[in-house]
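Colleague: I have a structure here, written as structure tokens, and I will follow up with some questions on it.
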Amino acid sequence: MPVVLSSTDLHPFTGMDLPWLLEERARTRRDHVFLIWAPFDGPDQTWTYGQFHARITRIAAGLQQRGVKPGDSVLIHLDNCPEALLAWYACAWMGAVAVTTNARAVADELSYYADHCGAVAGITQPRFAELVAASCKGLKWIAVTGDDNGEAAVHPVQAAQHFDAIDATPDPVHSRRAANPLAPCSVQFTSGTTSRPKAVLWTHANALWGARINAAHEDLRPSDVHLVFLPLFHTNAQAYSILATLWAGGTAVVQPRFSASRFWATSLKHRCSWTSVIPFAVKALLQQEVPKTHHYRLWGSAVSEPPTDAHFGIKTMGWWGMTETITHGIVGSPHLSNRPLSIGRPAPEYEIAVVDDDAMPVREARSVEPGEGGYLMVRGVRGLSMFQEYLGNARATADGFDVDGWFKTGDRINLLDDGSLQFGDRSKDMLKVGGENVAASEIERVVMQVPGVFECAVVAKKHPMLDEVPVLFVRPFPEFTARLDSPQNRALKERAAAACVAQLADFKRPVEIRLVEDFPRSTLEKIAKAQLRLRIERESGR
């Protein structure tokens, strides 16, 4: 059975919670800058650790005055902005559960998020206010930020509804509740590509685990300045960046979103030394001039030491993690050489297994040999190094683990000959072509080496004889997307097809190559393959 913490178990955070960490940093780093909000228009805003602590305690008191009680859920539906962090930590301070939602969510999704968690209040921004009010009927009140993550709001916000009105003087006697590391802290929703999204519940111990272990994995120091442009409703920005920076006592510079044209100017202005990047961002930055000198010492990403490191003059450490693991279950080394394009090695804080069948218990499945791929399984401690539960879904929680507590990640991993691990695919990205297993990522890796390919994605198309066949979508470099039928782009399709013929077995080769101006996006600007599959299904009349 999965190992689950009890209130009497000793662990690294016994007697601690997030308010303890906030108090500790306000005491030891009071005048050091913790948070810099760097909007695209207008001046930067800055909070020292002392100022941030003082502000969130006032917001927490304001939440209590508005009727929010410990254990209540508060919906936080925001793009990146300082209020997203102020609200999240204020909830943690007074014992409420911060429910962060994807800012791209539509009405049906928002209604589900709010109802599933039983949210009593909502915090959003002007462009979403009407949508939240119409979709989340159970909310007792909604607060709205003064602008749209740095951009002037089209419609002014009423004073009583303004986020800044959530303000009160903390009661010095009752403002600090007793620390309970196993108390619920926050909820994030999974992508829900095959069913309704699951609500991943973190405890305060989970959040502290993410803060401490991420800071250690990333070698974060008090002198580091961490640039954050990935969405704050996601684990990467919230845990890998903000919580880790808080633990280290460093500085976080938060932008509204990724901007290639602003990246280097912001980085140089604030002497940024660390950031998490994604393939989309790296591709875009290749088109920007790299400063002769900068302050970055490390980047974190999905792969270690890609060829682009030489271009930027920065070492990239790879990692693998998910919302359910809070931090990286597999990680590269910031100090030693890593296998290029690997995701690293098992983190010492977890047990990792790669088996040939995740439908049976790990102890009964065969562990893969070097050179083989298999299903990734992770084991830790629920409520500490693993999420507490899928809130309101005991069946999904139970189904997520085998009888010995191994969590089924749904990812496929390749074990390399030196013991490093390489990401294979999500299970749903494995194609069954005439009885042969084909990884979409294997085709994508070949095509991404073709000159002129900016991004690509492979999805399955149903076939009457072969079950499934691969369809390749290719996005040329942005300057060549205006005319997809241009001779240059037709030549690009021919080069992609030739590369597949040269490097892939015949059953792995795409049966169609389609050029696109851009891709539908999910969290972290990942390509939303579910929408590509749906497009193909609709065209096929299925």
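Colleague: Does the stretch 410-448 hold any residues that are more than 18 Å from Pro510 (Cα to Cα) and over 21 Å from the mean Cα position of the chain (by Cα), and which are they?
Modeller: The answer is Asn414, Leu415, Leu416, Asp417, Asp418, Gly419, Ser420.
Colleague: Can you tell me which residues in the stretch 355-389 are of a type in the set (S, T, N, Q) and without any contact (Cβ under 8 Å) to a residue 24 or more places away in the chain?
Modeller: Hit for the stretch 355-389 is Ser367, nothing else.
Colleague: Kindly state which helices (runs of 4 or more DSSP H) lie completely within the stretch 240-291 and contain at least 2 residues that are over 30 Å from Ala26 (Cβ atoms), open to solvent by 20 Å² or more (accessible area, probe 1.4 Å) and in contact (Cβ under 8 Å) with a residue 60 or more places away in the chain.
Modeller: Result: 279-285.
Colleague: Another one. For the stretch 62-72, which residues satisfy the criterion of being open to solvent by 10 Å² or more (accessible area, probe 1.4 Å) and among the small types (Gly, Ala, Ser)?
Modeller: Gly67, Gly71
Colleague: Give just the number: which of (1) open to solvent by less than 40 Å² (accessible area, probe 1.4 Å); (2) of a type in the set (Phe, Trp, Tyr); (3) in contact (Cβ under 8 Å) with a residue 40 or more places away in the chain does Trp299 not satisfy?
Modeller: Of the numbered conditions (1) open to solvent by less than 40 Å² (accessible area, probe 1.4 Å); (2) of a type in the set (Phe, Trp, Tyr); (3) in contact (Cβ under 8 Å) with a residue 40 or more places away in the chain, the odd one out for Trp299 is (3).
Colleague: Kindly indicate which of Val154, Val225 is β-branched (Val, Ile, Thr), surrounded by fewer than 24 Cβ atoms within 10 Å (Cβ to Cβ) and modelled with pLDDT of 95 or more.
Modeller: Val225
Colleague: Does Asn338 satisfy the criteria of being within 30 Å of His116 (Cα to Cα) and surrounded by fewer than 23 Cβ atoms within 10 Å (Cβ to Cβ)?
Modeller: No.
Colleague: Could you list, ordered by first residue, the pairs with Cβ atoms under 9 Å in which the first is in the stretch 1-16 and of a type in the set (A, V, I, L, M) and the second is open to solvent by 60 Å² or more (accessible area, probe 1.4 Å) and assigned to a loop (DSSP other than H, G, I, E, B), at least 6 apart or interchain?
Modeller: Close Cβ pairs (under 9 Å, with a partner that is open to solvent by 60 Å² or more (accessible area, probe 1.4 Å) and assigned to a loop (DSSP other than H, G, I, E, B)) amount to Met1/Val403.
To keep it simple, each residue is scored yes or no on (1) more than 30 Å from Arg297 (Cα to Cα); (2) out of contact with any strand residue (DSSP E or B) (no Cβ under 9 Å at 6 or more places or on another chain); (3) surrounded by 22 or more Cβ atoms within 10 Å (Cβ to Cβ).
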site: Ser186; (1), (2), (3): yes, no, yes
site: Lys198; (1), (2), (3): yes, no, yes
site: Thr203; (1), (2), (3): yes, no, yes
site: Ala216; (1), (2), (3): no, yes, no
site: Asp219; (1), (2), (3): no, no, no
site: Phe229; (1), (2), (3): no, no, yes
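Colleague: In the stretch 488-521, how many are crowded, with 17+ Cβ neighbours inside 10 Å and among the polar types (S, T, N, Q)?
Modeller: Adding up the residues that qualify gives 1.
Colleague: Can you name the residue in the stretch 35-61 that is farther than 16 Å from Phe163 by Cβ and among the charged types (D, E, K, R) and, of all such residues, is most open to solvent (accessible area, probe 1.4 Å)?
Modeller: Checking each candidate, the answer is Asp41.
Colleague: Something else: Being surrounded by fewer than 21 Cβ atoms within 10 Å (Cβ to Cβ) and part of a strand (DSSP E or B) is the filter here, so list the residues in the stretch 456-468 that pass it.
Modeller: Lys461, Lys462, His463, Asp467, Glu468 - these are the residues of the stretch 456-468 that are surrounded by fewer than 21 Cβ atoms within 10 Å (Cβ to Cβ) and part of a strand (DSSP E or B).
Colleague: For Ile36, all conditions in the list (1) under 23 Å from Ala179 (Cβ atoms); (2) among the β-branched types (Val, Ile, Thr); (3) under 28 Å from the mean Cα position of the chain (by Cα) hold save one; what is the number of the exception?
Modeller: With (1) under 23 Å from Ala179 (Cβ atoms); (2) among the β-branched types (Val, Ile, Thr); (3) under 28 Å from the mean Cα position of the chain (by Cα) applied to Ile36, the lone miss is (1).
Colleague: Mind counting the residues in the stretch 469-483 that are open to solvent by 30 Å² or more (accessible area, probe 1.4 Å) and β-branched (Val, Ile, Thr)?
Modeller: Residues in the stretch 469-483 being open to solvent by 30 Å² or more (accessible area, probe 1.4 Å) and β-branched (Val, Ile, Thr): 0 in total.
Colleague: Please verify whether Val157 is under 16 Å from Thr100 (Cα atoms), free of Cβ contacts under 8 Å to residues at least 40 places away in the same chain and either of a type outside the set (Gly, Ala, Ser) or touching an Asp or Glu at 6+ places or on another chain (Cβ under 6 Å) (or both), treating the condition exactly as stated.
Modeller: Criteria not met by Val157.
Colleague: As an exercise: evaluate Tyr112 against (1) open to solvent by less than 40 Å² (accessible area, probe 1.4 Å); (2) closer than 19 Å to Leu201 by Cβ; (3) of a type in the set (Ser, Thr, Tyr) and give the number of the one condition it does not meet.
Modeller: The one condition Tyr112 does not meet is (1).
Colleague: Okay, next question. Step by step: first the residues of the stretch 346-379, then only those that are among the small types (Gly, Ala, Ser), assigned to a loop (DSSP other than H, G, I, E, B) and open to solvent by less than 20 Å² (accessible area, probe 1.4 Å), then the one that is farthest from Ala440 (Cα to Cα). Which residue is that?
Modeller: Filtering first and then ranking leaves Ala347.
Colleague: Can you tell me which residue is modelled with the lowest pLDDT among those in the stretch 478-512 that are in a loop (DSSP other than H, G, I, E, B) and under 20 Å from Ile443 (Cβ atoms)?
Modeller: Step by step, filter the stretch 478-512, then rank; the result is Ala505.
Colleague: What's the total number of residues in the stretch 522-542 that are small (Gly, Ala, Ser) and loosely packed, with under 13 Cβ neighbours inside 10 Å?
Modeller: Residues in the stretch 522-542 being small (Gly, Ala, Ser) and loosely packed, with under 13 Cβ neighbours inside 10 Å: 2 in total.
Okay, residues lined up against (1) within 23 Å of Phe280 (Cβ to Cβ); (2) modelled with pLDDT of 95 or more; (3) in contact with a strand residue (DSSP E or B) (Cβ under 9 Å, 6 or more places away or on another chain):
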{"site": "Met386", "(1), (2), (3)": "no, yes, yes"}
{"site": "Asp404", "(1), (2), (3)": "no, yes, yes"}
{"site": "Lys408", "(1), (2), (3)": "no, yes, yes"}
{"site": "Asp411", "(1), (2), (3)": "yes, no, yes"}
{"site": "Leu415", "(1), (2), (3)": "no, yes, yes"}
{"site": "Val438", "(1), (2), (3)": "no, no, yes"}
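Colleague: Follow-up question, since we're still on this one. Looking at this structure, is Val132 assigned to a strand (DSSP E or B) and in contact with a strand residue (DSSP E or B) (Cβ under 6 Å, 6 or more places away or on another chain)?
Modeller: No; evaluated as a whole, the condition is false for this residue.
Colleague: Filter the stretch 302-322 down to the residues that are surrounded by fewer than 22 Cβ atoms within 10 Å (Cβ to Cβ) and within 14 Å of the chain's Cα centre (by Cα), then identify the one that is farthest from Thr190 (Cα to Cα).
Modeller: Ala302
Colleague: Also: Only one of Phe52, Phe34 is under 13 Å from Leu85 (Cβ atoms), without any contact (Cβ under 8 Å) to a residue 40 or more places away in the chain and hydrophobic (A, V, I, L, M, F, W, C); which?
Modeller: Phe52
The values are calculated or read from the model by the stated rules, or taken from the named source; none is laboratory data. Computed from a predicted model, the values in this text were never measured in an experiment. All Cβ positions, glycine included, derive from the backbone under ideal geometry; neighbour counts span all protein chains shown. Protein only, heavy atoms only, side chains kept; ligands, DNA and RNA dropped before computing areas. Shrake-Rupley method; radii C 1.70, N 1.55, O 1.52, S 1.80 Å.
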